[in-house]
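Accompanying notes for the structure given below.
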Amino acid sequence: MKAVLFAYSRRGCQTAQRVKAFLSGGEIRAYTMERFQEEGFEALPKPSRPLYGELFQWAEAMIFVGSAGIAVREIAPFVRDKRTDPAVISIDELGRFVIPLLSGHIGGANELALKLAYALGAVPVITTATDINGKFSVDAWAAKQGLFIDNMSTANAVSAEILENPVPLTSDFPISGNLPNGVVKGDSGKIGICISCYPKKPFEKTLLLVPPVVHLGIGCRRGTPAEAIKGAVETVLLENSIHPKAVKSVSSIDLKANEEGFLEFCRGMGIVPSFYTAEELKAVPGEFTASECVLRATGVENVCERAAMIGADKLLVKKTIRNHVTVAAAAESWEVCFE
């Protein structure tokens with residue numbers, strides 16, 4: 001975890017040192033006033049506002065050891081979106097109370113506050129309604145599971161509804177264990193949760209949660225530009241109603257490892273591609289679309305389908321050619337677990 005600590009008194013620095021010890025193993029930065037500076041702490045510059053802004057973008061967690069008011073004032077200009085804002089926590093200088101202030105669910109501030117409180121022997125002060133009422137926090141669960149939340153306003157509406165009535169949930173994936181408090185099985189109603197790789201809307205207002213379980217296998221001619229690959233992939237996903245956020249991996253034969261267009265496409269997807277030798281692709285079990293032309297060029301009769309199936313369990317989309325780019329998609333096994 002990338003975390004930053006701020007302390008504003010000598011006693012606060014002592015408490016911050018305890019927090020640092022608990023967070024050891026992560027990338028930790030710590031700041032205090034120049035007159036309180038000690039080993040492990042950098043001095044807060046004057047003016048300090050630019051530093052707070054820079055760290056707000058850098059950190060996964062910002063922990064203020066001091067009054068909650070200081071934390072609120074310093075982060076206020078930079079708060080933007082609960083999906084991207086870091087977890088912000090306030091701890092009094094004596095280490096008696098730990099208060100998550102921002103990104104309690106998606107950013108993990110509530111969970112981190114509970115862990116810090118246990119480590120410090122402090123009282124966690126959790127204020128989010130679903131948590132204090134013992135109800136399911138859909139955004140926190142989705143973030144922890146790595147699921148894409150397609151609409152935050154709908155997620156907020158689901159959280160509000162759960163406080164009043166059970167919310168139905170439907171899933172394309174098997175559910176392991178019991179459903180959490182506030183959720184029931186169902187596939188119709190005014191508002192509900194759908195877990196799927198496809199853009200389904202079974203409820204009047206549907207919160208779609210998309211797990212990253214789809215593997216793409218791609219083949220292309222030498223020198224194919226990134227835009228051509230991007231267009232082919234987007235077309236294939238659209239034609240097969242696969243949500244783009246369901247894509248977990250992109251792979252191809254090792255002959256493409258230095259193809260700039262392919263690499264640029266992967267960078268745009270935010271995915272580090274995997275490359276396999278012809279022998280590794282040949283070893284993938286199953287029946288695949290054969291091409292003599294591909295065999296002569298690469299040493300294996302099919303690249304995209306075989307590449308997609310590495311680490312996956314079911315071929316969703318067979319070899320499809322768009323813009324001289326071949327695309328295949330496969331899915332790995334996954335199950336919904338709330339425990």
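Some observations on this one:
- Comparison of Ala113, Ala157, Ala61 shows that the only residue that is under 30 Å from Pro199 (Cα atoms), under 25 Å from the mean Cα position of the chain (by Cα) and not basic (Lys, Arg) is Ala157.
- Any hit, segment 248-261, residues being hydroxyl-bearing (Ser, Thr, Tyr) and touching a Lys or Arg at 6+ places or on another chain (Cβ under 6 Å): no
- Verdict on Gly95 being within 28 Å of Thr128 (Cα to Cα) and open to solvent by less than 20 Å² (accessible area, probe 1.4 Å): yes
- Residue check for Ala232: assigned to a helix (DSSP H, G or I), surrounded by 21 or more Cβ atoms within 10 Å (Cβ to Cβ), of a type outside the set (D, E, K, R) and modelled with pLDDT of 95 or more: yes
- Filter pass, Glu38 being in contact with a Ser or Thr (Cβ under 9 Å, 6 or more places away or on another chain) and surrounded by fewer than 16 Cβ atoms within 10 Å (Cβ to Cβ): yes
- Residues of segment 190-221 satisfying the condition of being part of a loop (DSSP other than H, G, I, E, B) and crowded, with 18+ Cβ neighbours inside 10 Å: Ser196, Cys197, Phe203, Pro211, Pro212, Val213
- Scan of segment 68-93 for residues that are of a type outside the set (Asp, Glu) and under 13 Å from Ala117 (Cβ atoms), ordered by number: Ile89, Ser90, Ile91
- Subset tally (residues that are open to solvent by 30 Å² or more (accessible area, probe 1.4 Å), under 22 Å from Pro244 (Cβ atoms) and part of a helix (DSSP H, G or I)) for segment 258-305: 5
- Scanning segment 143-189 for residues that are in a loop (DSSP other than H, G, I, E, B), within 16 Å of His243 (Cβ to Cβ) and in contact (Cβ under 8 Å) with a residue 60 or more places away in the chain yields Gly146, Leu147, Asp150, Phe173.
- Pairs where the first residue, in segment 1-23, is open to solvent by less than 10 Å² (accessible area, probe 1.4 Å) and the second is acidic (Asp, Glu), C-beta under 7 Å, 6+ apart: Ala3/Glu60; Gly12/Glu93; Cys13/Glu38; Thr15/Glu93
- Test: residue in segment 61-68 that is in contact with a Pro (Cβ under 8 Å, 6 or more places away or on another chain) and at negative phi: yes
Yes/no per residue for (1) of a type in the set (Gly, Ala, Ser); (2) under 20 Å from Ile99 (Cα atoms); (3) out of contact with any strand residue (DSSP E or B) (no Cβ under 9 Å at 6 or more places or on another chain):
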position	(1), (2), (3)
Ile28	no, yes, no
Met33	no, no, no
Lys46	no, no, yes
Ala61	yes, yes, no
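- Residue in segment 274-288 that is nearest to the chain's Cα centre (by Cα), counting only those that are under 18 Å from Ala331 (Cβ atoms) and not hydrophobic (A, V, I, L, M, F, W, C): Ser274
- Strands (runs of 3 or more DSSP E) fully within segment 1-98 that include at least 1 residues being within 30 Å of Thr154 (Cβ to Cβ): 2-7, 61-65, 87-91.
- Pairing each residue of segment 100-125 that is part of a loop (DSSP other than H, G, I, E, B) with any residue that is among the small types (Gly, Ala, Ser), provided the two are 6+ apart or on different chains, yields C-beta distances under 6 Å for Ser103/Ala87; Ser103/Ala109; His105/Ser137; His105/Ala140; Ile106/Ala143; Gly107/Ala87; Gly108/Ala87; Ala122/Gly95.
The values are calculated or read from the model by the stated rules, or taken from the named source; none is laboratory data. What you see is a predicted model; the values in this text were computed from it and never measured. Positions of Cβ are backbone-derived with ideal geometry, glycine not excepted, and every protein chain shown enters the neighbour counts. The accessibility values were calculated without ligands, DNA or RNA, using every heavy atom of the protein model including side chains. Shrake-Rupley method; radii C 1.70, N 1.55, O 1.52, S 1.80 Å.
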